[in-house]
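Let me begin by presenting the structure, written as structure tokens, before commenting on it.
The values are calculated or read from the model by the stated rules, or taken from the named source; none is laboratory data. Just so it is clear, the model here is predicted, and its values are computed rather than measured. All Cβ positions, even for glycine, are placed from backbone atoms using ideal geometry, and neighbour counts span all protein chains on display.
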Amino acid sequence: MRKIICIILAIAFTSTWADAATIVHIEDPDTWSYTQLKQYVGQTIQFATPFYVTNNYNTSSLTISPRRIFTPTNQALPLSQEYNTLYSRNGQGTITLTNVSGYHRINERLHNLTVKVNSTNSVSLVSCQYVGNTRTDLENGYDTEAVNMRGDASIIVCCMNLEYYLVENLGGDMGASNYSEHQKQRAKVSTALATINADLYGLVEIEQGQSALAEIAADLTKNTGRKFSYIDDGGSASGTYTKSGFVYCSDVLKPYGKLRENNTGVKQRKKTQAFQEISTGEKFLFSVNHFKAKSGKGSGDNADKDDGQGTYNGDRKREAQSVLANYDKDRIYFSDNDILVMGDLNAYAMEDPITILREGGMIDLHRAFHADSSYSYVYRGYLGYLDHALCNSTLYPQVTGMVAYHINSDESDKYTYDKSNDQTMFRSSDHDPIIVGLRLDSTLTYIPEVEVDFVQLYYSESIPHIRNAEGGYYTIYRLDGQIVSQSSIATNEQPIFGLPQGLYIINIYGQGQCLQTKVLMQ
């Protein structure tokens, strides 16, 4: 069951004078527009609402907005009314901030922002406090609370697009141009993967053949002190063509059965392998995929329909259908129903290929655990996730959580291996790694959402209460995606205290499912 409480916010834009500067209050950032700055051109003002960095392509300026900017098809069906609203809204409210110093990542927040207004879409920085989403926040690893939201994971699975990781065929149009560049790329990628320290990796855009997989497995063994191996698909390197592949910790997992390939559409990029947990004997299917890209000119159903899905949507739809068709065969071959589908599907959350997978029984873990706040990729300042994690209903109760580890998408391109000597894990690719926690237990059962009404959300003396979810837990997000609080649900009538005024998204977890709703605190 999924209930959405729709609330329409009143729009207000007010200002007061304080310390000779106008303090601009933006009470509804979603509808804020350039025209509201017009009256302040030439003046110095301070915003009461924090702004987000939405693009950092320039060293002396930033693009900022009082809200995070999402690709419309990540949150709305193509050409739907909601899509059109998002499309129009995304053209409003972003401004250029000049006179900037230091390095700032996308989604870093600017509090107490004081500026001189140059025009309706350009301001010069006077002062502010930068808060959150810095490199320091991520250097110690990913958000383990997000991966362990439903108990501690015993298996950590990571999928990452490596942005053309080549070892043998250097110097082509894609990937490292020479050995020196490859070593810089290798240093960044190996540091990222070792920091994640997963038990199983699904890797996308890695060179065909075995040398690249072998190199990564060896680096993980060296850098983590654990033993890693890889699945040999029997192929050899062929130019700069890439594939999908598997690297796993042989102390924790062992392959079960032989690799299964799905060559619908682009070859070597859709593969399934079953893995068995050594300590429990439990197993699951891991499907790693890389669908056809949006670039290029298509014809027929691959032509760009101007609906936000780009070119080759027809091919991606057929690839999604083939994943479902092959799953029906693979679960018989591997004698197991549990499947985790991950990879760069080159389609945002509400586009046709992902809709096909959801309608085919796959559960989108981004949305299940993070509502509309999740992203793994930034294109021209627009957030969304092309990198997916989905599972079927039998595996879902065994998923402890998931997170996108934002070491890449929020970074400036100037820190790539071919443009800098930066040796950190940051901007080791243009896609973020996606990390999923599992605690395998085949006795757990999934209760379909349409048949269960296990939760009620009600207000008592203006305080929201959760009823009938004892033993579960909840996570509350602001609309900008920031987690406000997380807590277990200890009683049958659980109050939620301490929420200031505003609109929030609340995810309530229990009985193998997630209820998502919205709460307005007045």
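A few comments on the model shown:
- Selected residue (criterion: farthest from residue 118 (Cα to Cα)) from residues of segment 34-91 that are surrounded by 22 or more Cβ atoms within 10 Å (Cβ to Cβ) and among the hydroxyl-bearing types (Ser, Thr, Tyr): 73
- Filter result for residue 520 (under 23 Å from the mean Cα position of the chain (by Cα) and either modelled with pLDDT under 80 or outside the structural domain of residue 155 (by TED's automatic domain parsing) (or both)): no
- Which numbered condition residue 107 fails, given (1) within 20 Å of the chain's Cα centre (by Cα); (2) not assigned by TED's automatic domain parsing to the domain that holds residue 35: (2)
- Annotation for segment 186-201: no member residue is surrounded by fewer than 21 Cβ atoms within 10 Å (Cβ to Cβ) and either of a type in the set (Asp, Glu) or not assigned by TED's automatic domain parsing to the domain that holds residue 345 (or both).
- Within segment 427-446, the set of residues being surrounded by fewer than 22 Cβ atoms within 10 Å (Cβ to Cβ) and in contact with a Phe, Trp or Tyr (Cβ under 6 Å, 6 or more places away or on another chain) comprises 446 only.
- Meets criteria (assigned by TED's automatic domain parsing to the domain that holds residue 232, touching a Cys at 6+ places or on another chain (Cβ under 6 Å) and closer than 30 Å to residue 488 by Cα) for residue 143: no
- Of the residues 136, 94, 120, the single one that is polar (S, T, N, Q) and buried (at least 19 other Cβ atoms within 10 Å of the Cβ) is 94.
- A single member of 292, 297 is in contact with a Lys or Arg (Cβ under 8 Å, 6 or more places away or on another chain) and assigned to a loop (DSSP other than H, G, I, E, B), and it is 292.
- Scanning segment 363-386 for residues that are assigned to a loop (DSSP other than H, G, I, E, B) and modelled with pLDDT of 95 or more gives 375, 376, 385, 386.
- Tally, over segment 241-263, of residues that are polar (S, T, N, Q) and either crowded, with 18+ Cβ neighbours inside 10 Å or outside any loop (DSSP other than H, G, I, E, B) (or both): 3
- Check on residue 174, touching a residue at least 24 places away in the same chain (Cβ under 8 Å) and under 23 Å from residue 369 (Cα atoms): no
- Verdict on residue 177 being part of a loop (DSSP other than H, G, I, E, B) and surrounded by fewer than 23 Cβ atoms within 10 Å (Cβ to Cβ): yes
- Some residue of segment 215-223 being modelled with pLDDT of 95 or more, of a type in the set (Asp, Glu) and in contact with a Leu (Cβ under 9 Å, 6 or more places away or on another chain): yes
- From the list 357, 324, the lone residue that is within 21 Å of the chain's Cα centre (by Cα) and either part of a helix (DSSP H, G or I) or crowded, with 16+ Cβ neighbours inside 10 Å (or both) is 357.
- Cβ-Cβ contacts under 7 Å between residues 6 or more apart (or on different chains), taken from a first residue in segment 193-210 that is at positive phi to a second residue that is among the hydroxyl-bearing types (Ser, Thr, Tyr), are listed as 197/224; 205/164; 205/165; 205/242; 209/236.
- Restricted to segment 86-170, the set of strands (runs of 3 or more DSSP E) holding at least 3 residues that are of a type outside the set (Lys, Arg) and under 17 Å from residue 426 (Cβ atoms) comprises 155-165.
- Among the residues of segment 264-282, none qualifies, meaning not one is more than 24 Å from residue 393 (Cα to Cα) and among the acidic types (Asp, Glu).
- In segment 181-212, the residues that are closer than 14 Å to residue 165 by Cα, small (Gly, Ala, Ser) and touching a strand residue (DSSP E or B) at 6+ places or on another chain (Cβ under 8 Å): 192, 202, 212
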